[in-house]
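The values are calculated or read from the model by the stated rules, or taken from the named source; none is laboratory data. Everything numeric here is computed off the predicted structure, so don't read it as measured data. With ideal geometry, Cβ positions are generated from the backbone for all residues, glycine too; neighbour counts draw on all protein chains shown. Heavy atoms of the whole protein, side chains included, go into the accessibility calculation; ligands, DNA and RNA do not. Shrake-Rupley method; radii C 1.70, N 1.55, O 1.52, S 1.80 Å.
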Amino acid sequence: MHPLLIRSVHLAAVIALAGTAIHFAAIVGGPSWFTFFGAPPVVVQSAKDGTMLAPVGSAIIGALMAVCALYAFSSVGVIPRLPLLKSGLVVIATICLLRAIALVPLAVIHPAVCNTFEIVSAIVWGIAGSGFAVGLKNQFQASRQRAKTEYASLIKRQLKHLNVVGGCCGTDHRHIEQITAVCLPLFKKPT
């Protein structure tokens, strides 16, 4: 993958980690932090009243954002492959991108929502969503490469048992060319 694309995935992870830090810091920062970061009024009131909604909700969101960062890092091999990596990236990228574009209809319906903070947030979410989508694309490319490698390895192991190599229904010339490229050098001419 191109280094610039890898950096975009790293940026998505850093954005998610920043979100994690902000959500945990808001717990310590109190009501003024929840207000500044646009928390719903009920959450701000919870922070003022000292009830559990604000800190627990913020901790859960912070933890989810940390998981998002792990999935971004996993998608480019910084950490080992996480379970359900492709599915997780689809969900994460979709949520981020929807959050980014949601500002447009909200600004039309509720113009008061369209302030500097919300515009910057939408841009940041869009950048993060794009980075997660790049990580997803990288996983699909890696899967195709793994499949080719595993298939070639299987053919090589079973070659001594093969008399004929070919395809089946729906197989086209590209598939046969790939099989031939793997097998042909391994066949020994009879003497």
For this session: Evaluate the range 90-104: report whether one residue or more is in a helix (DSSP H, G or I), small (Gly, Ala, Ser), open to solvent by less than 50 Å² (accessible area, probe 1.4 Å) and free of Cβ contacts under 8 Å to residues at least 24 places away in the same chain.
Result: no
Problem set entry | Matching residues, the range 64-87, being part of a helix (DSSP H, G or I), open to solvent by less than 50 Å² (accessible area, probe 1.4 Å) and of a type in the set (A, V, I, L, M) | 65, 66, 69, 72, 85
Exercise. Among the residues of the range 23-63, how many are open to solvent by 70 Å² or more (accessible area, probe 1.4 Å), assigned to a helix (DSSP H, G or I) and aliphatic (A, V, I, L, M)?
Worked result: 5
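For the range 67-110, how many residues meet the condition of being within 8 Å of the chain's Cα centre (by Cα) and within 21 Å of residue 124 (Cα to Cα)?
Qualifying residue count, the range 67-110: 10.
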Exercise. Do we have any residue at all in the range 147-167 that's out of contact with any strand residue (DSSP E or B) (no Cβ under 8 Å at 6 or more places or on another chain), assigned to a loop (DSSP other than H, G, I, E, B), open to solvent by 100 Å² or more (accessible area, probe 1.4 Å) and at pLDDT below 85?
Worked result: yes
Exercise. What pairs come up if the first residue lies in the range 6-17 and is more than 17 Å from residue 88 (Cβ to Cβ) and assigned to a helix (DSSP H, G or I), the second is open to solvent by less than 40 Å² (accessible area, probe 1.4 Å) and of a type outside the set (A, V, I, L, M), and their beta carbons are under 6 Å apart, counting only those six or more places apart or on different chains?
Worked result: 8/131; 11/131
